[in-house]
Amino acid sequence: VQQGLVLRLWGLILLLILSLQAAQGQPGGLPSPPFVVPLEDLPDGPGVQGGSINFDLGDEPETFNPIIPQGESSRAIAMLLHAGLFEFPNRAAIIEEFKPSQDDREVTLRLRKGLKFSNGLPVSCADIEFTFKDVLFNPDVASPKDIWKVEGQFPQISCLDELTVRIDLPARFLGLYRLLAEYPILPKQLLANAVKEKRFNTAWGIETPPDQIAGLGPFRLRQYIRGQRLVLERNPFYWKVDQKGTQLPYLDQITLSIVRDDSVRVLRYLNGQTHMLRPRPEDIKVILEKGLWIEVQGAGMTDSHVFVFNQDVNKRGVGPIWLEAVFLSVSFRQAMSHVADRMRMISESLFGYGEPRGGPGIEPGFWFDCQNRENFPFYPPDKIFNLGKASQLLDQLQLVDTDKDGIRNVTDTFLDKVGIPRSGLPPEDQRELEFELITVQGSKHSVSDAEIFRDALAQIGVKANVVPVPFNALWDLLLKGRYQVARVDLISDGDPNKIIDIYHSQGRFHFWKYSDAQKREEWQREVDEILLKQKTATADERWKMLCKFQGNVAENVPLIFLYNKSDIFAWRKDQIGNFKGLEGNFVIRYAEYLRFCKAGRKPDGICP
Amino acid sequence: MLVVLLGVTFIAFLAIQLLPGDCLTQVLTTADQETITKIKQELGLDKPLLLQYVRWLLNALKGDFGRSCLGFAPVTQVLFLGAWQWSLLLAGMTLLLTWMIGLPLGISAAVHRDSWRDYTIQALSTLALSVPVFLVALLLLLVLYLTDAEQWGWTIGQVMADRYLGAPWSWAKLGNILLHLALPLFAIVLAQWAGLARHLRSALLDVLNQSYLQAARAKGVSERVLVYKHALRNAIHPLISWMGFWLPSLFESTLAVSIVINYPTVEFYFWNAIKGKDVYTILGGLSLLGLILVVGNLLADLGLAWADPRIRYE
């Protein structure tokens, strides 16, 4: 009887322990339920925990604060240390479920039970409320605010209970999930004082001891030696598991060395000191010669590499009125688009690793998803280069070489046609069609593109003088509208809400015609309307609107789109599996999926 | 000294404003207008120019050199954290090696004037001065890569091998650090010894022709004593003065090498600030550079007084 009692007592204790564990989450720091990674996300299949990889960052982190504006290296680190409520595009991440209301103006989210930050602190609704109300919407915090506003208001965040969050919106907001994926959830316990004392912007600076930094990302900071390296170790409380129940990340450690020089990073990769690299096109040959793997993925659609003609060139005091009249002509800009030899630029500037483009790209693949794309001007983009057509358009505009010096002139007929009075202007023989084309000093592809453009322009009697200037100077000139023509790289993540600043007539980066803010053309009015309305439209409506937007921009050519660079990665395929690529140069996509191929593998073989 | 420092920082402050763009240009692409206004207020960049400078100066006198516009870290942290020790090590070792190599070669060239030794030293020093420091560093890097220097414990782009980073001090660690230091040191010293040797040669030649040395030689003083005890002491004056201005040249060389071989020095972070037009970090760096220059000159003056009993300061 006594033995039976003891057994029953042990049974009770066991039951108690199990129920306590169930209440607090799963053993091993996992929440309940954990996020189970779909098999299709792991191209090399589930793995086992272990191993470490080395990767080079191009610069020091300026801060470990993931909210304030930062450089690419800080962002790359933040992506490994932190996570948001969602994963791009709208997959629930640290939340177990989310329920949008029928009118999409209210979303209820339920956090995973037993979820913990990387230092072991439990995550509750208070942390979500803190992140949004006290940090992201706080006027004292240097973080973007406009992107969160719908009809001029911030979303309302409230806690229904410890694990349930409610978000109320003044109107439907399609971009919400994307933003919730982009911004990380922060531990209130570690940062509340900084907010209270109004020093959040300097919180988590580079001197912060690693154990004072916590997040929901797959790794946590173990060591930072400035100028040399960061060591990130597995977050034992990470919330993802694979189909076999193995907790992610697979890797024990990621070592990020600070190596500023592009060539040194290539040497280190060739030498086997690092496992991944974003090579420049010119590095590809040497990497392939060494027998190392290179992967080229389709051209990303979001970055825009463009020529831009300043249509306010006279209003901003950097060019004569006749040049402004020329730049304002849609036919002239269309002619310029025909002069841009995109295929040659891809071949010479990108060593063939790119795809031509004739209009703006928004979400990945969007440009090609518009059903009426066949009707878009400048489509297909590889057929745009046509000097004959460009000459014809310029001739029709009466921009012809009147003084036979090989350079076209802005004729009296042209000025009369566009209604520019000629009094006080020099005679047409002195009004040469000539402009200054600025480009980024030291950027090989930008300078090369500008030179190719200049040479093609010379063939049709237009003179461009290529002037490389430092990056900061170029941006300053663009933002002040004090340039004639520029070759610019516009980097974006494809979020339609983030291009408003460029294409909206009142946008800060509307640098081709800031005067649109006072007086705009009909097509620009239509673009403005689309950009504002798409924010609160349904998905179908938005798709149609953005297609219309792309057609409008392609037809009116405010920017001359050139190409998209291919996504090129060099990675040790013989050693690592489940590599999902890099964003920019240094952000590792889904680092938690990376795993070691224990016995090594042959190219195209399986990762054992 | 203070007036010089004040002048340097004020001119630098005005010069920075003349450059197109500002440090917020990098932030501009990711932040909205409200954020930028906030950052400007936070850093005091919304105030009139003169007021910005005066505020910075008053705070600097209290040891607060302002904050960087990226990451908002204090300037002293941006410039020195994890960097001062490498700058100091590199500068100290460069100074030591430059004199260890430049001094005997300069003396030898002067003493054996117009001999094959003189010609060889002259040719080598001309070559060393003509080759840009960054090119030497790049070539060395390539040589070490091609010769698989990793087998000796050398790792490209690091100040020590991975296994020693964060590890406790040991002879092996020190050895590894010195091994990694060899490349930047070689590249910098190559240019520095040549300058010293040439200066010394010409100064020594002037002194060796003086009549008091001819007299000593006639008295039977040995050539060794003549050169090392009498001539060198007098010839070294211009070199001591030169030392005061040697620091900017060292700064320049260290910067080029730091960029090429990824050596985390104060010079590199200063250059980063200039590139990013990070106003307060530049001012902080310039104040430091000015201070070093002024202190260097002071030490040179004291050195002159020590070397030449005829010079006395009142």
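The values are calculated or read from the model by the stated rules, or taken from the named source; none is laboratory data. In this text, all values refer to a predicted model and were calculated from it rather than measured experimentally. Heads up, the Cβs are rebuilt from the backbone with ideal geometry, glycines too, and the neighbour counts pull from every protein chain shown.
Just a few scattered comments:
- Selection status of residue B:299, of a type in the set (A, V, I, L, M) and either crowded, with 23+ Cβ neighbours inside 10 Å or without any contact (Cβ under 8 Å) to a residue 24 or more places away in the chain (or both): no
Let's see how each residue does on (1) out of contact with any Gly (no Cβ under 6 Å at 6 or more places or on another chain); (2) buried (at least 22 other Cβ atoms within 10 Å of the Cβ); (3) in contact (Cβ under 8 Å) with a residue 40 or more places away in the chain:
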residue	(1), (2), (3)
A:315	yes, no, yes
A:323	yes, yes, yes
A:326	yes, yes, yes
A:333	yes, yes, yes
A:340	yes, yes, yes
A:346	no, yes, yes
A:359	yes, yes, yes
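- Residues being more than 10 Å from every other protein chain (Cβ to nearest Cβ) and outside any strand (DSSP E or B) - total across the stretch A:256-265: 1
- Test result for residue B:101, under 18 Å from the mean Cα position of the chain (by Cα) and closer than 30 Å to residue B:207 by Cα: yes
- Among the candidates A:225, A:185, residue that is at pLDDT below 95 and out of contact with any Phe, Trp or Tyr (no Cβ under 8 Å at 6 or more places or on another chain): A:225
- Of the criteria (1) more than 14 Å from every other protein chain (Cβ to nearest Cβ); (2) buried (at least 18 other Cβ atoms within 10 Å of the Cβ); (3) more than 24 Å from residue A:110 (Cβ to Cβ), which one residue A:196 fails: (2)
Okay, residues lined up against (1) aliphatic (A, V, I, L, M); (2) more than 24 Å from residue A:598 (Cβ to Cβ):
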site: A:242; (1), (2): no, no
site: A:248; (1), (2): yes, no
site: A:252; (1), (2): no, no
site: A:264; (1), (2): yes, yes
site: A:267; (1), (2): yes, yes
site: A:277; (1), (2): yes, no
site: A:280; (1), (2): no, yes
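- Exactly one residue out of A:175, A:152, A:120 is buried (at least 19 other Cβ atoms within 10 Å of the Cβ) and either more than 14 Å from every other protein chain (Cβ to nearest Cβ) or out of contact with any Leu (no Cβ under 9 Å at 6 or more places or on another chain) (or both): that is A:175.
- Filter result (part of a helix (DSSP H, G or I) and within 10 Å of another protein chain (Cβ to nearest Cβ)) within the stretch B:162-174: B:162
- Residue list for the stretch A:39-73, filter: touching a residue at least 40 places away in the same chain (Cβ under 8 Å) and more than 14 Å from chain B (Cβ to nearest Cβ): A:39, A:41, A:42, A:43, A:44, A:45, A:46, A:47, A:48, A:49, A:50, A:51
- Screening residue B:157 with (1) modelled with pLDDT of 90 or more; (2) over 30 Å from residue B:234 (Cβ atoms); (3) of a type outside the set (S, T, N, Q); (4) surrounded by 15 or more Cβ atoms within 10 Å (Cβ to Cβ) gives one miss only, at (1).
- Answer from B:32, B:46 - the residue that is within 14 Å of chain A (Cβ to nearest Cβ), buried (at least 16 other Cβ atoms within 10 Å of the Cβ), under 30 Å from residue A:499 (Cβ atoms) and not aliphatic (A, V, I, L, M): B:32
- The stretch B:80-92, subset within 11 Å of chain A (Cβ to nearest Cβ) and of a type in the set (A, V, I, L, M), residue surrounded by the most Cβ atoms within 10 Å (Cβ to Cβ): B:83
- Within the stretch A:204-225, being in a strand (DSSP E or B), of a type outside the set (Phe, Trp, Tyr) and more than 10 Å from chain B (Cβ to nearest Cβ) holds for A:220, A:221.
- Once the stretch A:123-149 is narrowed to residues that are touching a residue at least 40 places away in the same chain (Cβ under 8 Å) and of a type in the set (Gly, Ala, Ser), the residue that is surrounded by the fewest Cβ atoms within 10 Å (Cβ to Cβ) is A:126.
- Of all residues in the stretch A:178-190, none are part of a loop (DSSP other than H, G, I, E, B), in contact with a helix residue (DSSP H, G or I) (Cβ under 9 Å, 6 or more places away or on another chain), closer than 20 Å to residue A:501 by Cα and away from chain B (no Cβ under 14 Å).
- Listed here are the helices (runs of 4 or more DSSP H) enclosed by the stretch A:425-521 that have at least 1 residues being among the hydrophobic types (A, V, I, L, M, F, W, C), out of contact with any Phe, Trp or Tyr (no Cβ under 9 Å at 6 or more places or on another chain) and surrounded by fewer than 17 Cβ atoms within 10 Å (Cβ to Cβ): A:444-459.
- Output for the stretch A:161-195, where each listed residue is under 21 Å from residue A:213 (Cα atoms) and either in contact with a Pro (Cβ under 9 Å, 6 or more places away or on another chain) or free of Cβ contacts under 8 Å to residues at least 24 places away in the same chain (or both): A:181, A:183, A:184, A:186, A:193, A:194
- Candidates A:331, A:337, A:257, A:304, filtered to the one that is in contact with a strand residue (DSSP E or B) (Cβ under 8 Å, 6 or more places away or on another chain) and under 30 Å from residue A:428 (Cα atoms): A:337
- When the criteria are applied in full, residue A:84 fails the requirement of being within 26 Å of residue A:577 (Cα to Cα), touching a helix residue (DSSP H, G or I) at 6+ places or on another chain (Cβ under 7 Å) and within 14 Å of chain B (Cβ to nearest Cβ).
- Looking across the stretch B:139-154, just one residue is surrounded by 19 or more Cβ atoms within 10 Å (Cβ to Cβ) and within 15 Å of residue B:191 (Cα to Cα), and that is B:140.
- Those residues of the stretch B:143-161 which are among the charged types (D, E, K, R) and at the interface with chain A (Cβ under 7 Å from one of its Cβ atoms), in sequence order: B:150
- Top-ranked residue of the stretch A:267-282 - restricted to ones that are assigned to a helix (DSSP H, G or I) and within 24 Å of the chain's Cα centre (by Cα), ranked as farthest from residue B:261 (Cα to Cα): A:281
- In the stretch A:476-491, of all residues being touching a strand residue (DSSP E or B) at 6+ places or on another chain (Cβ under 7 Å) and under 29 Å from residue A:543 (Cα atoms), the one that is nearest to the other protein chains (Cβ to nearest Cβ) corresponds to A:490.
- Within the stretch A:52-97, being surrounded by 22 or more Cβ atoms within 10 Å (Cβ to Cβ) and of a type in the set (D, E, K, R) holds for A:56, A:60, A:62.
- The residues in the stretch A:392-423 that are under 14 Å from residue A:325 (Cβ atoms) and small (Gly, Ala, Ser) can be counted, and the count is 1.
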